[in-house]
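The values are calculated or read from the model by the stated rules, or taken from the named source; none is laboratory data. Please read these numbers as outputs of a predicted model, since none were measured by experiment. Using ideal geometry, Cβ is built from the backbone for each residue, glycine included, and neighbour counts are taken over all protein chains shown. Just so you know, the surface numbers come from the protein's heavy atoms only, side chains and all, with ligands and any DNA or RNA stripped out. Shrake-Rupley method; radii C 1.70, N 1.55, O 1.52, S 1.80 Å.
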Amino acid sequence: MNGLRLIRRHAAAFGRFAGLGSGVTLAASAALVLLSQWIPWMAANALTTVASTVIATELHARVTFGHGRPGLAGHLKSAATIAAGWLVTSAAVGVLASLRPGAGLVLQQTVYLSATALVGMGRYLVLRLAVFTEGAPQRRTGGEIRLRAAYDATA
């Protein structure tokens, strides 16, 4: 596959990743607002975080990366990237609070959203390279090379 085609393919996958992730995040935010009317906010937040992580993992595996069902291992690895992202964004906001205790809302959101964007890019890379990896090429008896997924599907 030539370089331009590879770049386009990964740019399209990243666009799907960002679009699906943003959609799930907005839906989770709305669900959080609704749930918090009936149950304590912390419980609503926990429920929406778990549900949105499961939904996003399913969507990313199937739609973003064309990997199929992620299975328990895929869900756990994806959840680990969410946890790592939470730590990074929390640390960024915590550092801001210690360096600029009186920081206004605009600066706080700028730091948070910047950290979130970096986390999103890192999460994409981890999911692409370590969780929903593309199969390694395998040689067929006729000399053709196919991706392992295509090879396994024909076997």
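What the table shows:
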item: Which listed residue, of Leu129, Leu118, is open to solvent by 70 Å² or more (accessible area, probe 1.4 Å), under 13 Å from Gly85 (Cβ atoms) and modelled with pLDDT of 90 or more; result: Leu118
item: Residue match in the range 63-76 (condition: at pLDDT 90 or above, among the polar types (S, T, N, Q) and either under 19 Å from Phe14 (Cβ atoms) or in a helix (DSSP H, G or I) (or both)); result: yes
item: Evaluation of Ala103 against (1) more than 19 Å from Thr25 (Cα to Cα); (2) open to solvent by 50 Å² or more (accessible area, probe 1.4 Å); (3) touching a Leu at 6+ places or on another chain (Cβ under 8 Å) (one fails), failing number; result: (2)
item: Filtered residue count, the range 1-48, keeping only those that are in a loop (DSSP other than H, G, I, E, B) and open to solvent by 60 Å² or more (accessible area, probe 1.4 Å); result: 5
item: Residues that are of a type in the set (Ser, Thr, Tyr) and exposed (fewer than 13 other Cβ atoms within 10 Å of the Cβ), drawn from the range 74-100; result: Ser90, Ser98
